[in-house]
Amino acid sequence: MLPAAAAHADTGSWDRADQATVVHAGVLANLAGGFQGSAALTPSALQAALTAVAPRTGGRPVQVASAAVTVVAFDRALVLQLGLGDVAASIEAEARRAGLNPPSYFGPEVVARALSLRYNHPASQDRLELYPSDVITRAEAAYSLARVLAMSKWQLQAVRATFATFKLPQYSSAQRAALTLAVSKIGMPYVWGGTTDDRSDGLAHGGYDCSGFVWRVFKVSGNPAGRRIGGRTAAQMAGEIARSQRLPLSKVRGGDILFFGPSRFGGRASESGIVHAGIALSGTFMIDSSDEGVYVQPLTDWHRIWFSWARRVL
């Protein structure tokens, strides 16, 4: 028998406040018997939601296909409705130009997650996470649509400005191989302890934590560079190189492993000092697994403040 909290979460009511918000705003309607958050979002319900939010976004409602509404289809529709379709297309084109063979939903997923449209379930509820190809639930849709209702123009402008600088360098074949795999995982959920796309880890759901994502790209994949990595956690990976091999942010290049935390450049690589890891796409952007799952982030603000050092394995 499931614990009470887990049983409650299984009803799809983990975001009751967001569900109430979108119902009150006329964006999503209750079904017979209530909101039914665990039910699949239908194309007609998504179309009605986009029609309801269109006046707020200053455009016509995006037209929805009749196919099942997957996570990536839902995110693409919201990104288009928010007027950021050109930004998504530019991101995807740049990744393609750099030879990274991005999936067709790469650009919209980068933008959607930059807007914080996805929810990271706590570790105890990781089984509720969704793969990019999964049909989105009404609860997940309510969470995202509530974020859209609260979104300001400056948030949209900030994402547009950030990704106007998304330019990738020329990669070596080794860099391209590793980063192509990393990019292919866009939109996979954050799962504590996860290193795989499925449940072969023995966890409740496939997905990645921060160091598990690095582990997948370099170790589980069989990449020869992975033989240089011994430790599984971010702190272990950061600490198994000599201090003389640590790289400052100014010398980072694509494929380098980045470490973050309160430990400074010359400090110790303790578990409390190094708390996050990601993979550099360039000197200004990284791909990692964190609150929004696997997504692309600029190396600004928090990342520059909390950057500890980088490690080169390629």
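The values are calculated or read from the model by the stated rules, or taken from the named source; none is laboratory data. Note that the structure is predicted; figures quoted are calculated from it, not measured. Cβ sites come from the backbone with ideal geometry, for glycine too, and all protein chains shown count toward neighbours.
Listed values, structure above:
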| item | result |
| --- | --- |
| Scope region 226-238; condition more than 26 Å from the chain's Cα centre (by Cα) and either surrounded by 12 or more Cβ atoms within 10 Å (Cβ to Cβ) or polar (S, T, N, Q) (or both); matching residues | Arg228 |
| Qualifying residue in region 82-93 (condition: closer than 21 Å to Asp134 by Cα, buried (at least 22 other Cβ atoms within 10 Å of the Cβ) and among the β-branched types (Val, Ile, Thr)) | no |
| Considering residues of region 249-307 that are basic (Lys, Arg) and not in a loop (DSSP other than H, G, I, E, B) only, the residue modelled with the highest pLDDT | Lys251 |
| Qualifying position, being surrounded by fewer than 21 Cβ atoms within 10 Å (Cβ to Cβ) and over 17 Å from Ser38 (Cα atoms), among Arg96, Arg127 | Arg96 |
| Filtered residues of region 239-275 (kept if buried (at least 21 other Cβ atoms within 10 Å of the Cβ), within 24 Å of the chain's Cα centre (by Cα) and farther than 17 Å from Gln175 by Cβ) | Phe259, Phe260, Gly261, Ile274 |
| Scan of region 149-192 for residues that are hydrophobic (A, V, I, L, M, F, W, C), more than 18 Å from Asn223 (Cβ to Cβ) and over 17 Å from the mean Cα position of the chain (by Cα), ordered by number | Leu149, Ala150, Met151, Trp154, Leu156, Ala158, Ala161, Ala164, Leu168 |
| Some residue of region 300-309 being crowded, with 16+ Cβ neighbours inside 10 Å, within 12 Å of Cys210 (Cβ to Cβ) and touching a residue at least 24 places away in the same chain (Cβ under 8 Å) | no |
| Residues that are free of Cβ contacts under 8 Å to residues at least 40 places away in the same chain, hydroxyl-bearing (Ser, Thr, Tyr) and under 17 Å from Trp306 (Cβ atoms), drawn from region 234-279 | Ser250, Ser270, Ser272 |
| Members of region 29-60 found to be modelled with pLDDT of 95 or more, out of contact with any Lys or Arg (no Cβ under 7 Å at 6 or more places or on another chain) and either assigned to a loop (DSSP other than H, G, I, E, B) or not assigned by TED's automatic domain parsing to the domain that holds Leu84 (or both), listed by number | Ala29, Asn30, Ser38, Thr42 |
| From the options Asp126, Asp86, residue that is touching a His at 6+ places or on another chain (Cβ under 9 Å) and not in a loop (DSSP other than H, G, I, E, B) | Asp126 |
| Pairs with Cβ under 6 Å, 6+ apart, first in region 50-79 and closer than 12 Å to Leu145 by Cβ, second among the small types (Gly, Ala, Ser) and exposed (fewer than 14 other Cβ atoms within 10 Å of the Cβ) | Ala52/Gly26 |
